[in-house]
Amino acid sequence: MQASTLPDVLAGENVLGRAKTGSGKTLAFGLPILARLAAGGPATPRRPRALVLVPTRELAQQVSDALEPLTRALNLRLAPVYGGTSISRQVSVLRRGVHLVVATPGRLTDLVERGACELGAIEMTVLDEADFMCDLGFLPAVRALLDATPTDGQRLLFSATLDREVEVLVRDYLPDPVLVAIDSETSQVTTLQRHALEAPDRAAQVALVTALAGGSGRTLVFVRTQRDADRIAESLSRAGVPAEPLHGGMPQGARTRALAGFTDGFYRVLVATDVAARGIHVDGIRLVIHLGPPEDAKTYQHRGGRTARAGADGADVLVTLPAERGKVRGLLRAVGIEARPAPTTPEDPIVLELAGPPAPRVSREEIPPARAAGATGGRGPRFGGGSRAGGGHGGGSRDGEHRHARRDGGHRVGRTATGHGRPARRPGAPASTPTPAAPSA
């Protein structure tokens, strides 16, 4: 993504990037932003020069964590802005002046309405995970924030899909963009194995998930509701598999600590709700398990994107019930997989293969509490490794970030069917006169 995008972004073009998670988007927009900011002057109180909008709190923190060492080296100031944390502290930071704001739409809207942040000096705006922002109901807030930025500023939009509300944003806010597509929207990751296993009843389903999650690798389990997340995490922990839930019903501090415990190896398993599918960016997730089929093919793809990232191997396993057989078959067909759910028990060879080498079971008393995870630099046992990374939040309910919220080698392409986007230049090619728009179909 960086090789395909950087020449056009550095040349000042508006860029529309279609890419799945794990394709290197953060530095694709982060490096050009920092290059421009470094060439400018000092930070001005309440008037940042660049803005990155993201859908979730954890993604805001992840982007900030990725860019903060670079901003520090360049003597630039960055402020992450999201809900669940002190707004007065964010107001204070903005009043002192920052170059770059990484924000969720809801909290930034609150700060703009308070007069703590003005967007009239924004030179570059990035919409990251734009389709997910629209799915969460943030389109009105995003439009209002974009309306507050200068119309001649550079704008970059990154999304896994370019449909419906995303096309509205492109049409209204990205004049004549360069379109860079990393694989098609339905392409499969070649290093990802997909499996569909079927249990006879709910008790057997939980037993199958426990067997799959009992290996030594890092595992992410997706469930439908907050209650399911709490219940399955508790069940796994009772079975000696260190696990924590992650969902929107948890306080922000607990969500941060649970994710830190997962990334730092205090817990081998994270049990998350669907919203987390687009925010968890943790290296080394070996196995993604779906407890029941997700709502649609789009959610299925995004969940599976948590593993087999950046060329690594990974497996994605549906664990379903006989009553869900029809939905599972339709889901698999929608993503181009010809397979049927196979009746499976925890002792079957495929389960042992997917789980990998068994890890020692740990008593409940030996599993560290969430408050210790990632916060003590070594307190309590560690299970596996992994570098620190950002993450996502889940939620069976709405995130609450905004009061109006509702519940891939790069190849260059021409304009979309709606007339948005023109081909990206070859790396190193000089800027050229924009290609005239092709007539819409």
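The values are calculated or read from the model by the stated rules, or taken from the named source; none is laboratory data. Note that the structure is a prediction, hence the values are computed from the model and not measured. Glycine also receives a Cβ, built like all others from the backbone with ideal geometry; neighbour counts cover every protein chain displayed.
List of remarks:
- Residue match in region 246-267 (condition: closer than 21 Å to E198 by Cα, assigned to a helix (DSSP H, G or I) and either among the small types (G, A, S) or at pLDDT 90 or above (or both)): no
- Among the criteria (1) buried (at least 24 other Cβ atoms within 10 Å of the Cβ); (2) of a type in the set (D, E, K, R); (3) at pLDDT 90 or above, the one R89 does not fulfil is (1).
- Some residue of region 158-167 being surrounded by 19 or more Cβ atoms within 10 Å (Cβ to Cβ), more than 30 Å from Q90 (Cβ to Cβ) and either in the same structural domain as L332 (by TED's automatic domain parsing) or in contact with a strand residue (DSSP E or B) (Cβ under 6 Å, 6 or more places away or on another chain) (or both): yes
- Test result for Y82, of a type in the set (F, W, Y) and under 25 Å from D8 (Cα atoms): no
- Verdict on V168 being among the aliphatic types (A, V, I, L, M) and at pLDDT below 90: yes
- Filtering region 190-208 to residues that are surrounded by 14 or more Cβ atoms within 10 Å (Cβ to Cβ) and closer than 17 Å to G314 by Cβ leaves T191, L192, Q193, R194, H195, A196, L197.
- Boolean, G378 is surrounded by 12 or more Cβ atoms within 10 Å (Cβ to Cβ), at pLDDT below 65 and over 23 Å from A211 (Cβ atoms): no
- Answer residue from region 56-79, given it is more than 14 Å from R46 (Cα to Cα) and not in a helix (DSSP H, G or I) and is nearest to the chain's Cα centre (by Cα) among those: T56
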